[in-house]
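Take a look at the structure below.
The values are calculated or read from the model by the stated rules, or taken from the named source; none is laboratory data. Note that the structure is predicted; figures quoted are calculated from it, not measured. Note that each Cβ is placed from the backbone with ideal geometry, even for glycine, and that neighbours are counted across all protein chains shown. Accessible surface is based on the protein model in full, side chains and every heavy atom, while ligands, DNA and RNA are left aside. Shrake-Rupley method; radii C 1.70, N 1.55, O 1.52, S 1.80 Å.
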Amino acid sequence: MLCGLSSLTCGENGEGPGAMAMRAATDGYNSVPPGGDEGFGSGVDAATAVIDGRGNVLAWSAGARRLLGYAAGDVTGRPAAALLASDLPASARRCLTEQRGWNGRVSLRHMDGGRVDLELLAHPSRGSDGGLRWILVTFTECQPFAGTDREQPDAPFMDWAFTQSPFALAIHDRDMLCLRVNDRMCQMFGLTEDELCGRRLTDVLPGPQYDAIERYMRQVLDTGEPAHRETYRRVPGETRERAWSVSMSPLKDQVGRTQAVWIGALDITEQYGARQRLTLLNEAGTHVGTTLDVTRTAQELADIVVPRLADLAVIDLLDAVLSGDEPRPGPLAGTIALRRVAHQSIFGGVPEAVVELGDVDIHPESFPSARCLATGKAVLTGANDPTFIWSTGHNPARAATIRKFGIHSVLSVPIRARGVTLGVAVFLRGRRPEPFEHDDVLLAEELTARAALSLDNARRYTRERTTALALQRSLLPQRLPRQSAVEVASRYLPASAHAGVGGDWFDVIPLSGARVALVVGDVVGHGIHASATMGRLRTAVRTLADVDLPPDELLTRLDDLVSRLPADADADDSDDAENDVGATCLYAVYDPVSRRCSLARAGHPLPALITPDGTASFLDLPAGPPLGLGGLPFESSEIELPAGSILALYTDGLIESRYHDIDLGFERLRRALTHQERSLETTCDNVLKTVLPDRPADDVALLIARTHALDSDQVATWDLPADPAIVAHARKQVAERLANWGLHDAAFVTGLVVSELVTNAIRHAESPIQLRLIRDRTLICEVSDGSSTAPHLRRARAFDEGGRGLFLVSHLTQRWGTRQTPHGKTIWAEQALPRWDWP
């Protein structure tokens, strides 16, 4: 479909779009034999011709023959004007004079007399002799006028398919010059067809994205393989970013050579948005609600929507949610106080935030957030909404922030789960020019609904955890007892929220003879069951300690108790796994008179000892089995401690929470204890800070004790013969010692107690007999003998001669008791002293 004539010139865009065929015609027209049927450039769907400066045809292609019916010999050397069926347009004549490229519509005469209308491209060039040449090309089949025998009924449909396609279409030759574009492509680029045709894309649209398109075009032209890509950007003809699906396919001739590339671009913004929303929802399912922490869950919601849905997100919750309480059901009306728990922004540091994290913000009834809580439905508003402008005007800081960051669209979504309102999520856009749309509202509601379930689960867990912690702390010592044997400091740290409360405990138990028991234990597992078991074991230890059992025997009795606990549980009401009870325990008894400490352990970590010179080490105690295994014995070890020594008792969570290698945990603890502080409270804090991670995986109990020793003038000891006459002498010696201590008021009662206890030892027990008087926070009177038979308190009848002695002792003293010794027993009694008489 070539048509040329001397008056046809090139056009208004400077360079015609058929450069490939034009160059071929220019470079090779001398090789076409006059009168031959086949000319140069016989590419598919292309008709070309070359005309010299005088308007004569120099070259004629096979495509031109198929289009107009003339063989090359019929037209070469003859005037091209003879092929015109009508005059050239005025623009074409101007281009002839100015020797500029031209493209436009012309009418040519077919060999059979019919008329062919077509789009013609003309490009000026210079031949090898320097003479002017016109290269003419067309890639469009033309339909002859009706009434001729050259009708092409499919041609208009082919043209309409190209021009009216919803795809943006373009064809580029091997030099990547644009040969044809449709209206949609022109609209996309914001250019006219004349501005695009005959030029490379980068000539009219510079930029890296268009350089990339040309690289893909070159790849298709060189390889002959199609290419496809998707991109999201704003093109010149659009006001907002859109998603585009771009396909490139090679156009090949009959022998398979790639002569041009076809480009099709389709706006897939809606499909792209739907995929992005589905992707966001999918990611929210794995990234929101990863923990049972209310604040962290709220922050995860804010993090996932910025920047993919909003430029700023804030999450405000009711205080009841944070404390685990049950908020009142139904929508909330009126002015509402909400606490800011999370926010996120596209800007670092969230500079748009008017309310800081943790602060309470008052939401008036006119606020979009308050309106959505009152209705239970999402509220979409923005800068064009007078109600929104009015509702924010009373807060100058908020109004200034809206102006500064250009916030123009606000979406408030109530956070509701299981019929309960938890708070509100507010999403805002400022830098992103598009306001929230209907699809955005649906997405925000779905995201918030999913997060609401996680928040409510976290709220319920918070309530249960708070209850469990309250139970556990109530089972732990509320106040360590006053005693003179040791100075103590303690810490209990629950595990991180996901692990639940555990069964770690500690205790300090005053014993007879100014002694003290130090206990640390750990029940296996977490939760209410572990806490309840811990309470039972702690009570059992205190009961057994009150009997003054030695450490190894106490652990044996405790092991029997733990072994019986599963049998006591009702297997029908609880899981078998929960009925399995295991525990570890370390029990130590320190005597400030002898400065000796007796210790035994049941599967528990070794205690640490820090001597007064600062040396820290771990005591080598016999390794007893954990409690509950049964059948295996426990052993005690006894050591003498210098006054001022420090014992550190702890549970395994302290040394295992951070280190997989337990030896590293022991070493880190030893180093932390080496740096002694005057205050044991400071020592506890330093140990936890140095050894523990920020979120320990297991709960931790830590008990640190600094030993004291009673001065020699606070203890008086007498060895007594088994002679009843010695009783009076013993009373006299006791009275003299009390006088030296300034305790004259206690002489009478103490004399009666000494008389009764010494007389009983002489009459009913065996030698050796020893009387000891200890002045501590109480006045302690002890009588030891060689018999293991313990006396029993009973009420004497009217005519009984005995049985009134212990009854009298129990009424005259604060408390009394008996304890077994390696060589017999000791009966003791304590009397209260005024505070000012304490040593």
Can you find, among TYR461, VAL354, PRO166, the residue farthest towards the positive end of the dipole of the chain? Put +1 on the C-beta of Lys and Arg, -1 on that of Asp and Glu.
VAL354
Subtracting the Cα-Cα distance from 0.36 nm times the residue separation, let me have the gained length for THR97 to GLU437 in nm, one decimal.
116.8 nm
Normalised convex hull volume, the chain, alpha-carbon set, Å³ per residue:
292 Å³
Starting from the amide H of SER645, placed 1.01 Å from N in the peptide plane, find each other amide H under 5 Å away whose residue is 5 or more places distant or on another chain.
THR707
Accessible surface, the stretch 444-486, averaged per residue in Å² (probe 1.4 Å):
49 Å²
Separation between Cα centres of the stretch 212-260 and the stretch 440-473, rounded to whole Å
50 Å
Separation between Cα centres of the stretch 172-197 and the stretch 392-420, rounded to whole Å
46 Å
For LEU179, enumerate residues with amide H under 5 Å from its amide H, sequence gap 5+ or separate chain, H modeled in the peptide plane.
ILE171, HIS172, ASP173, GLY198
Using only alpha carbon pairs under 8 Å that are at least six residues apart, calculate the relative contact order of the stretch 379-502 and give it in whole percent.
18 percent
Give me the accessible area per residue for the stretch 626-772, probe 1.4 Å, as a whole number in Å².
51 Å²
Solvent-accessible heavy-atom area per residue, rounded to whole Å², over the stretch 57-123 at 1.4 Å
41 Å²
Carbon plus sulfur fraction of accessible area for the stretch 44-139, probe 1.4 Å, in percent:
46 percent
Can you send over the carbon and sulfur percentage of the accessible area for the stretch 156-213, probe radius 1.4 Å, protein chains only?
57 percent
Total charge dipole magnitude, the chain, about the Cα centre, Cβ charges on Lys, Arg, Asp, Glu only, Debye to nearest 20:
1600 debye
In the stretch 728-782, what percent of the accessible surface is made up of carbon and sulfur (1.4 Å probe, ligands and nucleic acids excluded)?
47 percent
For LEU833, distant residues with modelled amide H under 5 Å away
LEU779
If the chain between LEU357 and ASP694 were fully extended at 0.36 nm per residue, the gain over the current Cα-Cα distance would be 119.3 nm
Using alpha-carbon coordinates, inclination of helix 294-305 to the longest axis of the chain, degrees:
10 degrees
Quick one: angle between helix 528-546 and the longest Cα principal axis of the chain, in degrees between 0 and 90, rounded to 10, please.
20 degrees
Counting alpha carbon pairs within less than 8 Å and at least 6 residues apart, what relative contact order, in whole percent, applies to the chain?
7 percent
For the Cα atoms of the chain, what angle does the longest principal axis make with the long axis of helix 551-568, in degrees from 0 to 90, nearest 10?
60 degrees
Of SER636, HIS408, PRO386, which is farthest along the charge dipole of the chain in the positive direction, counting Lys and Arg as +1 and Asp and Glu as -1 at C-beta?
PRO386
Over the stretch 299-421, what is the relative contact order in whole percent, taking alpha-carbon pairs under 8 Å and six or more residues apart?
25 percent
For the chain, what does -39500 (n - 2.57) per DSSP helix run (n ≥ 4), summed and divided by total residues, give at 222 nm, in deg cm²/dmol to the nearest 500?
-10000 deg cm²/dmol
Using only the Cα atoms of the stretch 471-556, each taken as one equal point scatterer with no solvent, compute I(q) by the Debye sum, divide by I(0), and report log10 of the ratio at q = 0.11, 0.12, 0.14 Å⁻¹.
-0.32, -0.38, -0.51
